[in-house]
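Enquirer: One structure, as structure tokens, below. Some questions next.
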């Protein structure tokens, strides 16, 4: 799943450790989510969305286009 | 020439993955260097034991070999320390959860070292084959009870604390996947070995080896899932 986490973090000039501290996860978890190697749980996705004051779908993109190409 | 002091204080140059916060490679090398340290220490004990076995003393060659191995241990410890610095720097300082995670890991490593050293120190205490960590030879009663209490009572408490406080959901996920792979390998591998043994095609199944393979598969998959 693609996401904008790295961009959002960079905009706030937070290190992975700072973001990890705010989300109560490790730097490795932040890295894995940013690089798309790990999809966060729904509670963590909500936590991320609340932290950046955005909706989940504004941060995460599962590639579904609403069936426009069907 | 760069002095040792300057080398110790300068910030190591991180590669791309480390800069992005992926410290898996450094961690793997720390584990390899740690194992090499243990084996080199064991080799030193072996050289000294062989030389002093029949009441003799260390020859000049023995002392040179031991000194060489001590130097190797020094280099390995320096390598581990340097790799630990890379881990600290990559992705910023450790989070509170990571610090707890690291402290428990280090604590368990030290406890493991104490257990290993105790087993080596009690070698020969019982009239049996030479003891090793994985041997089936008899142990002194007190030591056997102590190890059983550690493994059966203290370890579950540490594991509970570890899984509830020290790891996050990404690592828990990696552990879960590792558990699946290890469980399936056990469920399919152990009976396969057993059937082959009964058919006379393999040696008798070895519980200790099966346990080790289970742990290795779990650890390997955990590492792959956490640091890939």
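Enquirer: How would you rank B:221, A:30, B:23, going from fewest to most other Cβ atoms within 10 Å of each one's own Cβ?
Expert: The most exposed by this proxy come first: B:221, B:23, A:30.
Enquirer: By how many degrees, between 0 and 90 and to the nearest 10, does the Cα long axis of helix A:42-51 differ from the longest principal axis of chain A?
Expert: Approximately 70 degrees, to the nearest 10.
Enquirer: Please report the spacing between the Cα centers of segment B:169-203 and segment B:27-75 in Å, no decimals.
Expert: 35
Enquirer: Among A:23, B:187, which comes first, second and so on when ranked by fewest other beta-carbon atoms within 10 Å?
Expert: Listing A:23, B:187 from fewest to most nearby Cβ atoms yields B:187, A:23.
Enquirer: Next up: Decide, for segment A:24-70, between rounded, prolate and oblate: order the square roots of the alpha carbon gyration tensor eigenvalues as a ≥ b ≥ c, take rounded if a/c falls under 1.5, and otherwise choose prolate if a/b is larger than b/c, else oblate.
Expert: oblate
Enquirer: Classify segment B:143-228: rounded, prolate or oblate, from the alpha-carbon gyration tensor (a ≥ b ≥ c, eigenvalue square roots; a/c under 1.5 rounded; otherwise prolate if a/b is larger than b/c)?
Expert: Oblate is the answer for segment B:143-228, as a/c is 1.5 or above yet b/c matches or exceeds a/b.
Enquirer: For the protein assembly as shown, what is Rg from Cα atoms divided by 2.2 N^0.38 Å, rounded to two decimals?
Expert: Here the Cα radius of gyration is 1.27 times the empirical estimate.
Enquirer: Of A:58, A:21, B:169, how do they rank once you tally other Cβ atoms within 10 Å and put the fewest first?
Expert: Ascending Cβ contact count within 10 Å gives the list A:58, B:169, A:21.
Enquirer: So, one more: Expected output is a single nm value to one decimal: the length gained when fully extending between residue A:55 and residue A:1, i.e. 0.36 nm times separation in residues minus the C-alpha distance. What is it?
Expert: 17.9 nm is the gain from fully extending residue A:55 to residue A:1.
Enquirer: If contacts are Cα pairs under 8 angstrom and at least 6 residues apart, what is the relative contact order of chain A in percent?
Expert: 40
Only the coordinates and a few stated rules stand behind these numbers; no lab work does. Keep in mind the model is a prediction, meaning the values are calculated, not measured. Reconstructed Cβ throughout: ideal geometry from the backbone, glycine too, with neighbour counts over all protein chains shown.
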